[in-house]
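A.B. asks: Got a structure here, written out as structure tokens. Questions coming.
No lab work stands behind these numbers, since they all come straight from the coordinates. Model, not experiment: these values are computed from the prediction. Here the Cβ is made from the backbone with ideal geometry for all residues, glycine too, and neighbour counts use every protein chain on show.
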Amino acid sequence: MTLEPIVPKILSVRRIPQASAAVLAEYGADPARHRSLGLVTCDQDDPTYVALDEATKHANVDVVYARSFYAGSRHASGALSGEILGVLAGADPEEIDQGLKALIRCLEHDACFYGANDDGSVAVFPHVVTSLGRYLSKQAGLREGEPMAYLVAPPTEAAVALDAALKAAEVRAVKTFPPPTETNFSAAWLSGALNACQAAAVAFAEAVVEVARRPREL
């Protein structure tokens, strides 16, 4: 099975070297530890959550804010809004720079949605995080360094595919996001050994492709 990658578009990346106390508080930063912020918007939300986690593995930064926007990037409030706003906080601008660089590398070369049918109208995110950073590990209730399958698809496809993924490997669902999410997709995070997470992700993607090919198969 070969899936066509849909490379995320990074729409804005900005740094606030010395953020005001009010802005730090607005985005959940701790003024006692954080002075600088890094902001990013992108047209794909789930790859950006993965990229924010990646930033915590390469710099002393915290993800203090990460939110998907309602109805997705096609209904964004502006040309630079995209589907998500992520905010990193750190003690100094240099840490923010390192975190943003890691985030950008992840979005450009690693985490992305894939087209599951010929015209790309059905998209799937069958991503495996080989080693969780501080952000996603906390969100998932797992330890730093553990692997995790991060699986996303539209509602019907996701239901069928999650069932296939759980049957394909020794994994467990640590968190599920039933539809509708902010972007009207459905998602699940699965935990297990790395090879099990990879097998589950493959089974998930294959099932999404199958549903996209034959959506009314009984």
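A.B. asks: If I go through segment 190-208 residue by residue, how many of them are surrounded by fewer than 21 Cβ atoms within 10 Å (Cβ to Cβ) and assigned to a helix (DSSP H, G or I)?
C.D. replies: First pass over segment 190-208, keeping only residues surrounded by fewer than 21 Cβ atoms within 10 Å (Cβ to Cβ): 192-196, 198-199, 202, 206.
After this cut, where a residue has to be assigned to a helix (DSSP H, G or I) as well, the list is 194-196, 198-199, 202, 206.
Residues in segment 190-208 being surrounded by fewer than 21 Cβ atoms within 10 Å (Cβ to Cβ) and assigned to a helix (DSSP H, G or I): 7 in total.
A.B. asks: Can you tell which of Ser137, Ser121 is among the polar types (S, T, N, Q) and surrounded by fewer than 17 Cβ atoms within 10 Å (Cβ to Cβ)?
C.D. replies: Details: Ser137 fails: surrounded by fewer than 17 Cβ atoms within 10 Å (Cβ to Cβ).
One residue alone meets the criteria, Ser121.
A.B. asks: In addition: What's the number of the condition Leu39 fails, among (1) touching a helix residue (DSSP H, G or I) at 6+ places or on another chain (Cβ under 7 Å); (2) surrounded by fewer than 24 Cβ atoms within 10 Å (Cβ to Cβ)?
C.D. replies: With (1) touching a helix residue (DSSP H, G or I) at 6+ places or on another chain (Cβ under 7 Å); (2) surrounded by fewer than 24 Cβ atoms within 10 Å (Cβ to Cβ) applied to Leu39, the lone miss is (1).
A.B. asks: Can I ask one more? Would you check which residues across segment 144-189 are among the charged types (D, E, K, R) and touching a residue at least 60 places away in the same chain (Cβ under 8 Å) and list them?
C.D. replies: Kept after step one, since they are among the charged types (D, E, K, R), are these residues of segment 144-189: 144, 146, 157, 163, 167, 170, 172, 175, 182.
Matches in segment 144-189: Glu182 only.
A.B. asks: Go through Ala66, Ala55, Ala29 for me and flag whichever is farther than 27 Å from Ala207 by Cβ and part of a loop (DSSP other than H, G, I, E, B). Walk me through it before giving the result.
C.D. replies: On the way: Ala66 fails: part of a loop (DSSP other than H, G, I, E, B); Ala55 fails: part of a loop (DSSP other than H, G, I, E, B).
Exactly one of Ala66, Ala55, Ala29 is farther than 27 Å from Ala207 by Cβ and part of a loop (DSSP other than H, G, I, E, B), namely Ala29.
A.B. asks: Further question on the same structure: It is to be established whether one or more residues within segment 17-32 are crowded, with 18+ Cβ neighbours inside 10 Å and touching a Gly at 6+ places or on another chain (Cβ under 6 Å).
C.D. replies: No, segment 17-32 contains no residue that is crowded, with 18+ Cβ neighbours inside 10 Å and touching a Gly at 6+ places or on another chain (Cβ under 6 Å).
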